[in-house]
Amino acid sequence: MVDLSLTDEQKDLRELAHDFAEKEIRPVAWEYDRDSVWPQAIVEKAWDVGLMNTHIPEEYGGPALDYVSGCLIEEEMGWGCSGIGTSLMCNGLALAPVALGGSEEVKKHYLGMLTEEPKLASFCLTEPDAGSDVSGMRTTAVRNGSGWKINGTKTFITNGSHADWYTVYAKTDKDAGHRGISAFVVPREAGVVVDKKEDKLGQRASDTAMVSFNDVEIPADHLLGEENKGFKLAMMTLDRTRPGVAAAATGISRAAFEFARDYSKERVQFGVPIAMHQAIQFMIADMATKIEASRLLTWQSASLLDQGKSNTLASSHAKRFAADSAMEVTTDAVQVYGGYGFIKEYPVEKLMRDAKIMQLYEGTSQIQRLVIARETYMPRRAPASLATAGASH
Ligand code: COS
């Protein structure tokens, strides 16, 4: 039997998240997007009501929520404003490698920091010349006395300007390709430099920065997992966070669909509301189907994680479909609005701009297809450690 019903706790959580999105995020979303405002007060409120760091285990002060619950929150945040939502959810991406590979001391310190105060962490994988091709990274970590010395530049780092600590991937063996990458946790005060904040097409309320590590020294125990096993840690992290991105994309689609549906009932052309025209009805119907299918794939990919099963294929299906659908649904929402859809005074052009990043970050839609094709031809076995860890971005 397939039972897709939510528990009472999950329903309450979804209601809490929706309420927060409606009352705290929506009223400022379009203004923050226009002016590219960092939503510090919203971060603090979200932390206060328990919408952040949802997958941190209880022993480090977190609520240890399941992944389906995490996706319920992410969809509502995406519905409210995916830029602000990304700012709130990004800790999950940074903390997953720590939860998976950190020593007890490191977990207590760095995960504890996030649960004690509304602090932020960033995930530093991408570099100017290494995006989809993770193994092409140039950042290095070399042993330095009793610790490590890190050098390199990371780009497109969500919350990079505001983070208190960073999960950083670096080459520890330059000649070993993906088998020469290690992961580290780096506190900001070790000397992380924020080079620039990006001016973006969408999600303009989120912070995206370029950060550099110039002879940054960290203790030996800040290595996460085993030396030269960082690539796998990154992949295992993305397996855990892509369902959340898919959920956020579903939230964007839902927002665009609701605006388009309501507008189509008000806008009169040829003597009737445009909702009476089949051309519009079919667009609305396609949007609705894409949202339902996005959510189902998202829940499946999260539910597999909750069951301790491999979700690599399912999370790529979900992320790719929900992201591509968000682009299609928001583009169609602009179409339903006609010329007004192109005007900033109306709500849907923002959603179309926001949707674009869903096809890019945490693995492009093409990388998801690559994973799907590989998993289709040569399914991999589930990795050994499937501890609950991390949400998204
Ligand atoms: N979980 C655990 N291990 C995994 C894994 C997963 N989901 N996916 C791959 N691996 C392992 C493989 O088993 C292989 O292990 P061995 O070293 O024992 O052989 C190793 O990792 C390399 O795998 P693969 O050969 O598939 O690696 P590729 O270099 O071909 O890269 C892609 C695979 C392209 C899928 C990967 O680099 C990727 O996801 N790129 C996108 C990165 C991304 O999302 N960037 C966004 C930044 S975060 S905003």
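Side notes on the structure shown:
- Glu74 under 24 Å from Gln300 (Cβ atoms), touching a residue at least 60 places away in the same chain (Cβ under 8 Å) and crowded, with 19+ Cβ neighbours inside 10 Å: yes
- Residue list for the range 96-138, filter: in a loop (DSSP other than H, G, I, E, B) and over 29 Å from Gly85 (Cα atoms): Ser103, Arg138
Rundown of residues vs (1) out of contact with any helix residue (DSSP H, G or I) (no Cβ under 8 Å at 6 or more places or on another chain); (2) assigned to a helix (DSSP H, G or I); (3) within 20 Å of Ala249 (Cα to Cα), yes/no style:
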{"site": "Lys45", "(1), (2), (3)": "no, yes, no"}
{"site": "Leu51", "(1), (2), (3)": "no, no, yes"}
{"site": "Ile56", "(1), (2), (3)": "no, no, no"}
{"site": "Ala64", "(1), (2), (3)": "no, no, no"}
{"site": "Leu72", "(1), (2), (3)": "no, yes, yes"}
{"site": "Met77", "(1), (2), (3)": "no, yes, yes"}
{"site": "Gly80", "(1), (2), (3)": "no, yes, yes"}
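- Conditions (1) open to solvent by 10 Å² or more (accessible area, probe 1.4 Å); (2) out of contact with any helix residue (DSSP H, G or I) (no Cβ under 8 Å at 6 or more places or on another chain); (3) not in a strand (DSSP E or B); number of the one not met by Gly160: (1)
- Residues in the range 91-116 that are touching a residue at least 60 places away in the same chain (Cβ under 8 Å) and farther than 19 Å from Thr237 by Cα: Glu105, Thr115.
- Residue within the range 206-220 that is open to solvent by 20 Å² or more (accessible area, probe 1.4 Å), within 15 Å of the ligand (Cβ to nearest atom) and in the same structural domain as Asp129 (by TED's automatic domain parsing) present: yes
- Residue within the range 6-13 that is in contact with a Phe, Trp or Tyr (Cβ under 8 Å, 6 or more places away or on another chain), in the same structural domain as Tyr67 (by TED's automatic domain parsing) and either closer than 25 Å to Asp66 by Cβ or modelled with pLDDT under 95 (or both) present: no
- Contact annotation: residue pairs with Cβ atoms under 7 Å, 6 or more positions apart or on different chains, pairing a residue in the range 176-200 that is in the same structural domain as Gly152 (by TED's automatic domain parsing) with a partner that is within 16 Å of the ligand (Cβ to nearest atom) and acidic (Asp, Glu), are Gly180/Asp173; Ser182/Glu227; Lys197/Asp207.
The values are calculated or read from the model by the stated rules, or taken from the named source; none is laboratory data. Being a predicted model, the structure only gives us computed values, none of them experimental. A quick note on method: Cβ atoms are made from the backbone with ideal geometry, for glycine too, and the neighbour counts reach across all protein chains shown. When the accessible area is computed, the model is the full protein with side chains, heavy atoms only, and any ligands, DNA or RNA have been set aside. Shrake-Rupley method; radii C 1.70, N 1.55, O 1.52, S 1.80 Å.
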